[in-house]
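Read-outs throughout are calculated quantities, based only on the coordinates presented, and are distinct from any laboratory measurement. Worth saying up front: this structure is predicted, and the values here are computed from it rather than measured. Cβ placement follows ideal geometry from the backbone for every residue including glycine, while neighbour counts extend to all protein chains displayed.
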Amino acid sequence: MKQKTITFALCIVCLTAVLLSCPMYRMAGPEDYEKIFTKIDYGPLEWKDSYILSASNYLPQVQVWDSASGKLIKVYELFVKDDKKKFYADLWITGIAEFHGSIWICSANIGNHIARLDPASGKMSFIDLDCHPETVIAFNDTEGGKGALWIATYSARGIGCAIRRLDQSGTIVKKCNITTEDIEITGVNRMHYREGKYQLLADSHKDLYPAKENKGVYWLVNLSADNEEYVQEIPYHAVFPAGFFSDNKITPVPEEFITSLELTNQYADAKNVYCKVNVVGGETCHRLLYKVNSLNPVKLEYTHIIYSKPDARSIFNVVENDTNIFITGRILCDVPGEASFTGLEIGAYPIEGGGQLKRIRLARGNQLYQTTKAGKTWFCRDVYEQDEATLTWHFKTPPQIYMLEHANGKAYKYSHDGSRIELEPEN
């Protein structure tokens, strides 16, 4: 399989070459970012409950849209180029969240800082933490409206993952250091608030062998624990009972594989809780969807929905109605003999499980952020597009955004003025 995803370094090189077109430009150092971006006046914006975020990294920007009208409200450009001093700076986004009307941004370029955009003042501030935040999630309605803001570092093998809870000012109010051997936490943006607890599912860096009883593979992480015993092992057979692969006619099964276990994004009116399990080994990539019947203890139910096509579509978002489950994810690989595609794809499945009924493609859609309000899920779209044949970049303005309507399974692309077109499904 030809991997479509471009490495971070290559992205930076390509964007620099195209957008700056001058070898004399230099990238600002980490110590310069706070000086540069805190001086920018983005202009005031009164935040409304109907507002949602969208984002692009080509080049970095955060957008505010009105979910009620479908109109673009404001764009925060996170790329600065100084022609006199011959330098540029960009906040390459790794995570964003809206917490009580403020916009929080994790960036690869600002070290142990998280950026906070205050729409009311139009100003940005940088908050120094004790670790480098890579992902962020906000809960605005939990704990009687107090809510919670969580950040996490990259989960490194042999080191672990640092997770922090912040208050509205950015002050750390709880530190959770997860150092369980070989645990892999792929960020906090799939965290759930259930039964009064902030919880997530995690997996391992280990190689697995389906013929063996693997130990230390899957984990429940309860960040609300007061005794710092945050991690509880989930038995391997709770995910893959004896005979699971043969009983469900899943082939091929690699003799050795890596795996992942994550909850899907939580939203207020969800009927069910789901999680994804990956089985990846050699040329095989299976993505399985489970219903989570309980987190305490963990009880999973296989939905008989599996995605094994060679384009290796991810499971980024899962929503449902009375008759269908809709799975949205990024297309990760080119398939020989098929036209190249970059973006997200929605797959529709019967609610009782089974094969895919149709797909809807969201060209240039990305996985930086998603949000669900009033039975609609909104997905980001990159602002800059790459010509796959010539590898040149084109600036598309103004921004656009995608929306999936749960009740009827229809998807739309919105323009800045609120106009929209329905996207045609493919069988």
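Sequence-distant contacts, meaning Cα pairs under 8 Å at least 6 residues apart, place the relative contact order of segment 148-299 at 16 percent. Taken about its Cα centre, segment 143-281 carries a charge dipole of about 400 debye when Lys and Arg each add +1 at the Cβ and Asp and Glu each add -1 at the Cβ. Checking the Cα-Cα distances for LYS71/LYS146; LYS174/LYS276; LYS174/LYS197; LYS212/LYS249; LYS71/LYS373; LYS358/LYS410 against a 23 Å cut-off, the pairs over it are LYS71/LYS146; LYS174/LYS276.
For segment 20-143, the Kirkwood radius over C-alpha pairs fed into Stokes-Einstein at 4 °C and 1.567 mPa s yields D = 85 µm² per second.
Loop by DSSP (not H, G, I, E, B), at most 15 other beta-carbon atoms within 10 Å: where is the longest site-free stretch of the chain for GluC sites (Glu not before Pro)? The longest such stretch corresponds to 47-180.
A value for Kirkwood radius over Cα pairs in Å was derived from the coordinates, and within the list [x] 21.6; [y] 21.0; [z] 22.6 it appears as [z]. Normalised by the number of residues in segment 61-135, the mean separation of alpha-carbon contacts (under 8 Å, six or more apart) gives a relative contact order of 19 percent.
For the chain, a crude dipole built from +1 on the beta carbon of Lys and Arg and -1 on the beta carbon of Asp and Glu, taken about the Cα centre, is about 600 debye to the nearest 20.
Our helix-only sum for the chain, with -39,500 (n - 2.57) per DSSP H run of n ≥ 4 divided by its residues, gives a mean residue ellipticity at 222 nm of -1500 deg cm²/dmol. How far is the Cα center of segment 341-367 from the Cα center of segment 175-248, in Å? Here the answer is 27 Å between Cα centres. Comparing GLN266, GLN168, GLN199 in a Gaussian network model of the chain (Cα springs below 10 Å), the most mobile by mean-square fluctuation is GLN168. With R₀ set to 60 Å, the beta-carbon distance separating ASP247 from THR171 gives a calculated FRET efficiency near 0.75. With the charge dipole of segment 127-200 set up from +1 on Lys and Arg Cβ and -1 on Asp and Glu Cβ about the Cα centre, the Cα lying farthest toward the positive end among the listed residues GLY147, THR180, PRO133 is that of GLY147. Compared with the dominant Cα axis of the chain, that is its longest principal axis, helix 8-20 is turned about 30°. When you restrict to C-alpha pairs under 8 Å that are six or more residues apart and normalise by the size of the chain, the relative contact order lands at 11 percent.
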